1. Please work out the FRET efficiency for the pair ASP48 and HIS119, using the Cβ-Cβ distance as r and a Förster radius of 25 Å; give the result to the nearest 0.05.
2. Would you work out the relative contact order for the chain, in percent, from Cα pairs under 8 angstrom that are 6 or more residues apart?
3. So for region 67-118, what are the equivalent ellipsoid semi-axes in whole Å, largest first, each being the square root of 5 times an eigenvalue of the Cα gyration tensor?
4. Roll a 1.4 angstrom probe over the protein heavy atoms and tell me the percent of accessible area of the chain that is carbon or sulfur.
5. Step by step: find N for region 88-192, compute 2.2 N^0.38 Å, then divide the Cα radius of gyration by it. What's the final number?
6. Pulled fully out, how much extra length does the chain show between SER105 and HIS149, if you take 0.36 nm times their separation in residues and subtract their Cα-Cα distance?
7. In degrees from 0 to 90, rounded to the nearest 10, what is the angle of the helix 7-43 Cα long axis to the longest principal axis of the chain?
8. What does the charge count near ASP127 come to, summing +1 for each Lys or Arg and -1 for each Asp or Glu among other residues with Cβ under 15 Å from its Cβ?
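The values are calculated or read from the model by the stated rules, or taken from the named source; none is laboratory data. Not measured: the values here are computed from a predicted model. In this analysis, Cβ positions are derived from the backbone assuming ideal geometry, glycine residues included, and neighbour counts consider all displayed protein chains. To get the accessible areas, we keep the full protein, side chains included, count just its heavy atoms, and leave off ligands, DNA and RNA. Shrake-Rupley method; radii C 1.70, N 1.55, O 1.52, S 1.80 Å.
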Amino acid sequence: MIPVISDFARKWFPILFLSLLAALSYWLENKVRLSELSEESKSGHVPDVIVENLSATKLGMDGKPHQSLLAKELLHYSDDNSTRLEEPHLLLVAPGKADVHVYSSWAQLSDNGEDIYLHDKVRLKRDASGGRSQMDVTTDYLHMNPNKHVGETDRPVRIKDANMDIHAVGMAFNDETRVVTLLSHVRGSYEK
């Protein structure tokens, strides 16, 4: 005798089979995701704070913006008290002077928040002001302390404005005095 499959079972079998397959896929994905999370937890380096679209402004004594820090994302890790910024933009404002913008792919903040270590595609841009053209400084690493108004790198840098194009290795600068010191292998061109 040949078993006869009812019309009902024939219509619903594919749907029940696909539902079971979907449930098994969901279970397997969660199992893999939990194992990845537990591996990160074992290493101890898991963010305890995540802030998206960060915007922080420090005011001067006159109540006007003095520094602004923007970032796509801030990640804080409690295991080593480190803070990482994704796509940071630091704006330094000084009365009577051109604004300075600092960008990079990512940055690390010191424990006390005083030092910023900018990494990958670092760009420092001084806006045009008072008859001076815009100036761009590019490098792949820059250490800054905005409260002390200083920054430095030991890596290759390029400084370019409307009249000059300078390449060097290593640089130190003071944001208050706007003095830039190039440390070695300086070469460039200047056109008036």
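1. In this case the efficiency is close to 0.70.
2. Result for the chain is 10 percent.
3. Taking √(5λ) for each Cα gyration eigenvalue gives 23, 12, 7 Å.
4. Of all accessible area on the chain, carbon and sulfur atoms account for 59 percent.
5. Scaled against compact globular proteins, the figure is 1.03.
6. Result: 13.7 nm gained on full extension.
7. 40 degrees
8. +3
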